[in-house]
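Values quoted throughout were computed directly from the atomic coordinates according to the rules given, and no laboratory measurement underlies them. What you are looking at is a predicted structure, and each value in this text was computed from that prediction instead of being measured. All Cβ positions, even for glycine, are placed from backbone atoms using ideal geometry, and neighbour counts span all protein chains on display.
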Amino acid sequence: MTWECVVGVEVHVQLRTDRKLFCLDRPVFGDEPNAHVCPVCLGLPGALPTANGDAVRLAVVTALALDCRVHAESIWARKNYFYPDLPKGYQITQFERPLATDGHVDFDSADGPSRVRIRRVHIEEDAGKSVHDRVPGATAVDLNRAGTPLVEIVTEPDLRSPADVRAFLSDLKRLLEYADVSDCSMEQGSLRADANVSLRPVGVTALGTKTEIKNVNSFSGIERALEIEVARQTDVLEGGGRVRPETLLWDDHRASLRRMRSKEESHDYRYFPDPDLPPLILTDELLAAARSYIPELPRARRERFTREYALSAYDAGVLTQSRATADYFEEVARTTSEPKLAANWIMGGVQALMNARGEDAGTFPVRPGTLADLIGLVANGAISDRVARTVLEAVADGEGSPLEIVARRGLEQVRDPGRLEAWIEEVIDAHPDEATRYRDGETRLLGFLVGQVMRRSSGKADPRQVNDLLRDRLG
Amino acid sequence: MLTAAREAVAGIRAAEASEGSLHAFLDVADPEALRVESPEGPLAGVPVAVKDNLTTTDFPTTCGSRLLETYRSPFDATVVLRLRDAGAVVVGKTNLDEFAMGSSTENSAFGPTRNPHDRSRVPGGSSGGSAAAVAAGYVPMALGSDTGGSVRQPAAFCGVVGIKPTYGRASRYGLVAYASSLDQVGTLTRSVDEGATLLRTIAGHDPKDATSSRLDVPDFAAAARRGVDGLVIGVPREYLPESLDPEIRALIDGALERLERDGARIRPVSLPHSEHAIPCYYVLGPAEASSNLARYDGVRYGHRVEGADMREMYERTRSTLLGTEVKRRIMLGTYALSAGYHDEYYGTAQKARRLIVADFRAVFDSGVHALFTPTTPGPAFRLGERVDDPVEMYLSDVFTVTANLAGIPAVSVPIGRVGGLPFGGQILAPWWKEEDMLAVAGAVEAGGAAPGGSSPRSSPSGPPPSGPTPTGPAR
């Protein structure tokens, strides 16, 4: 029998705010343990939560970026369970009436454009961290993360392969980065994804029994984990068995899944509306502000780039990989009015140099205006492409503006026929054999001779002119 | 400026140390450490007692629980800060039923408080320590908290005035939560006028409590002296059952006659769903409590009882250090919220609550300014009389819980004696209409509390009920 894989995901995204969700403390990653705590996020007796408007705004932006229906009224709820890193003994979240529902995300699956429906988006607070390796023989608790604002995004079971899941998550991550709501770092835990997976015979519409995969911390990890689980479920079903509903934990080091003990998952969370917090009411002003905050999202931008700058779909895709790169490109393209050249430079020399320096478009020291100047010098023939690469490195190293560097190092392109002809004569003298063979019809040797002239000029000679002059001289 | 507070502290220390003391206080200030933070404030130098479930930085906040025996809060409750800002001196923390769960103060882990009018009887609860401290003349005013009658019932039993304002009128920040949607800070004072003054001091919006109201705080003391001419006072027949003691009936009728003589119109009304109030309260209160008290897990603060593993530590800490009534309510509430029973219990109770609210709204919309009822079905009962019968104990709240379920303001004023013991009449008013409520209370008080007055039968060995009274026009 042929089986179809059905996957839905639950994604937790840490919102980029200065304050925790219900108190004034800063959410931080990697500071001293318990340095960012207060009576509210410690759950001290008598402390009360108050909702942080910034976090709410970012959550609304997220929901709008996912094309959700955002509800004017949603309800905070308590999810009750005991755990040492959960200071109040309950997590404040949203349950029966979430912030938003009924959205979708378009992404590029292996089979082309695809759509995943978003069931719901809700706001909740994060728990702290239990640290098992810091104090010998004991579990330590770090509450820096406790109370950090999250949105949880729940999809419908619309994904059909592990590779699709990975592609969807990477498009979702890009979308959230564009919306500027989160750092979206899986390594740092600011983006976490769990997956529900089941199989069914192709052609059947009813869903099979699903298992849940948790504890994955990379896109490749989730793809691998799903591949393993799909293979396992296939074996079970082919062998006439039944898939049991259970939670599986991914072990990244061993690249394997383990069953969660039933004790760990048998929770009755006893949800009820949090009496400390009135319903979350979104005013028209807040909704309008959130709408105006939504930037152009990746797919729209990619489409516009092909139209407005006459780029290929591939180039537009590369340049919209991140919002920073797209912004960078667009600024260069607008300043130089040479969008093609700008695209080639950014995808070529600039990207290579950024990679070498461990930087991205947001941090690269050669800012768009400067790159535009450099491209301008190439476009008007002042310097050659080859020289421009050297200049780019020098600019990145802080040696000055492109013009200054060109002037200081004397890198200006040489087009004076007298100087060019002198180099040509030297080359013909040095390579009489090649010159003769060219004259005898071996025209492909022209490239070699031009190259020799370029070398003699330290790259400063205008190659087109050298080309013409050489042909005349030997013609 | 500190003379009165020093005398009060010295008197309390002497009285509480003597044989057969009231045990109204769990902690009393060091006379040397007393200070007035706002010498110009309206309560400058006035000694005030504070129920030990309101957080204070200068005393432990035990909530009458073994678990928090040594817990000291890093912050003052907002209402305590406002007391200090008004110049009041917090002279000590008063006894209470553990976590405010009880109607007799017998559920304190540190021993019961006795009624100053008859030491073989309970002072009521859960704010029994505060009521006894005022009735005994230790302090002119005290703060309590009222979740189902915990200010009004002990006020009635001890012959003092107890106000529970509208839900949201006073900040709950620093009030250790029992049932968040019902809890409200209240006042216990010798007179309506003092109650009005104290209420005005602690009331008003607090950005740290999302359920606190932004409405302006009126001059309650002025309202208390306004008189009842033209007011319509409803008498709900469900609160005067056939079974009511004829002595009580006579006191109520007497008070109503005097109000009528003062210009009020008395109108019989009905609140048909009040009969569901007790079961409704004993589902919702425990449900919220089961979640609110989850933080007392021995992980971060308070006492801990070690166990072989985390789960055992939780179980031992909570089963050893929490009292019987607290555990009873946690179990009731956990059950009421658990899967499969949630709708039947929690859901049904929420419906009943809405019906109770609708009853009040209908009566108040019909032109009734305030309601008059007995505060309790009878006077103070004997110590130990009801400890083995929780349901009988719960029924002492039968007339008070509806105000908490509806969130409306209510006050208990002495109206005479029953069997030689103080007895209180309760006035309820629409949301935010404390002024009408206090006008009626003031008139009831001025009309005379019938034979016997409200001073304790057996004078305590403490100081006479002197000390400075709050500034303001003479009563």
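At-a-glance table
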read-out: The protein assembly as shown: Rg to Rh, with Rh as the Kirkwood radius over Cα pairs; value: 1.16
read-out: Debye, to nearest 20: dipole size of region A:296-409, +1 on Lys, Arg Cβ, -1 on Asp, Glu Cβ; value: 220 debye
read-out: Inter-site label distance for residue A:1 and residue A:448 at 7 Å from Cα along Cβ, in nm; value: 6.9 nm
read-out: Antiparallel DSSP beta bridges within chain A, as percent of all bridges there, nearest 5; value: 95 percent
read-out: Check: region A:96-229 dipole with +1 on Lys, Arg Cβ and -1 on Asp, Glu Cβ, in debye; value: 280 debye
read-out: Estimated FRET transfer efficiency when R0 is 35 angstrom, pair residue A:327-residue A:69 (beta carbons, to 0.05); value: 0.70
read-out: Mean Cα-pair separation over length for chain A, i.e. relative contact order, pairs under 8 Å, 6 or more apart, %; value: 14 percent
read-out: Span-like helix ranges in chain B, DSSP H, alpha carbon extent 24 angstrom or more, Kyte mean at least 1.6; value: none
read-out: Within straight-line cross-link reach of residue B:351, lysines at Cα separation under 28 Å, skipping those fewer than 8 residues along the same chain; value: A:79, A:88, B:164, B:327, B:433
read-out: Estimated FRET transfer efficiency when R0 is 25 angstrom, pair residue A:422-residue A:352 (beta carbons, to 0.05); value: 0.15
read-out: Computed Kirkwood radius, in angstrom, where 1/r is averaged over Cα pairs of chain B; value: 21.8 Å
read-out: Excluding exposed DSSP-loop GluC sites (Glu not before Pro) (at most 12 other C-beta within 10 Å), longest clean stretch of chain A; value: A:188-441
read-out: Whole-Hz couplings from phi, Karplus 6.51/-1.76/1.60, listed for region A:247-252; x for Gly and Pro; value: 9, 10, 9, 7, 10, 5
read-out: Region B:16-47 and region A:286-305: distance between their alpha carbon centers, rounded to Å; value: 61 Å
read-out: Spatial separation of Cα centroids for region B:264-335 and region A:353-422, in angstrom; value: 73 Å
read-out: In degrees, nearest ten, helix A:323-336 long axis to first principal axis of chain A (Cα); value: 30 degrees
read-out: Inter-label distance for residue B:362 and residue A:399, nm, one decimal - labels placed 7 Å from Cα along Cα-to-Cβ; value: 8.9 nm
read-out: For region A:448-463, 3J(HN,Hα) per residue [Karplus equation, 6.51 cos²θ - 1.76 cosθ + 1.60, θ = phi - 60°, Hz, x = Gly/Pro]; value: 4, 5, 4, x, 5, 5, 4, 5, 4, 8, 6, x, 8, 5, 6, x
read-out: Cα long-axis angle, helix A:368-379 against chain A (0 to 90 degrees, to the nearest 10); value: 30 degrees
read-out: For the protein assembly as shown, with +1 on Lys and Arg beta carbons and -1 on Asp and Glu, the positive-most of A:435, B:21, A:3 along the dipole; value: B:21
read-out: Length-normalised contact order of chain B in % [C-alpha pairs under 8 Å, at least 6 apart]; value: 20 percent
read-out: Size descriptor, Kirkwood hydrodynamic radius, that averages inverse alpha-carbon separations across region B:37-187, Å; value: 14.8 Å
read-out: Amide H partners (placed H, <5 Å) of residue B:150, local residues excluded; value: B:126
read-out: Shape category assigned to region A:296-409 from the gyration tensor of Cα positions, a/c cut at 1.5; value: prolate
read-out: Ranked list, fewest to most other Cβ atoms within 10 Å of each Cβ, for B:326, B:90; value: B:90, B:326
read-out: Computed [θ] at 222 nm, deg cm²/dmol, chain A (DSSP H ≥ 4; -39,500 (n - 2.57); rounded to nearest 500); value: -12000 deg cm²/dmol
read-out: Within region B:276-350: Cβ-based charge dipole about Cα centre, in debye rounded to nearest 20 (Lys, Arg +1; Asp, Glu -1); value: 260 debye
read-out: Region A:359-448: trypsin sites (Lys or Arg not before Pro) falling in loop per DSSP and having at most 11 other Cβ within 10 Å; value: A:444
read-out: Sequence-distant residues sharing a close amide H with residue A:131 (under 5 Å, placed H); value: A:140, A:141, A:142
read-out: Residues A:252, A:142, B:206, A:31, sorted so that the one with the fewest Cβ neighbours within 10 Å comes first; value: A:31, A:252, A:142, B:206
read-out: In order through region B:184-191: 3J(HN,Hα) via Karplus (6.51 cos²θ - 1.76 cosθ + 1.60), integer Hz, x for Gly, Pro; value: 8, 6, x, 10, 10, 9, 6, 9
read-out: Farthest toward positive dipole pole in region B:276-350 [+1 Lys/Arg, -1 Asp/Glu at C-beta], among B:336, B:289, B:321; value: B:321
read-out: Acute angle (nearest 10 degrees) that the helix A:385-396 long axis makes with the longest principal axis of chain A, alpha-carbon atoms; value: 50 degrees
read-out: For region B:144-288: rounded, prolate or oblate by the Cα gyration tensor [a/c cutoff 1.5]; value: oblate
read-out: Global geometry of chain A, whether rounded, prolate or oblate, following the gyration tensor of its Cα atoms and the 1.5 cut on a/c; value: prolate
read-out: For chain B, the longest site-free run once GluC sites (Glu not before Pro) in DSSP loop states with at most 15 other Cβ atoms within 10 Å are removed; value: B:41-241
read-out: Alpha-carbon Rg with Dmax, taken over region A:417-474, Å; value: 10.1, 29
read-out: Separation in nanometres of the label points that stand 7 Å from Cα toward Cβ, at residue A:251 and residue B:303; value: 4.2 nm
read-out: Value of [θ]222 nm, deg cm²/dmol, for chain B, DSSP H segments ≥ 4, -39500 (n - 2.57) each, nearest 500; value: -10000 deg cm²/dmol
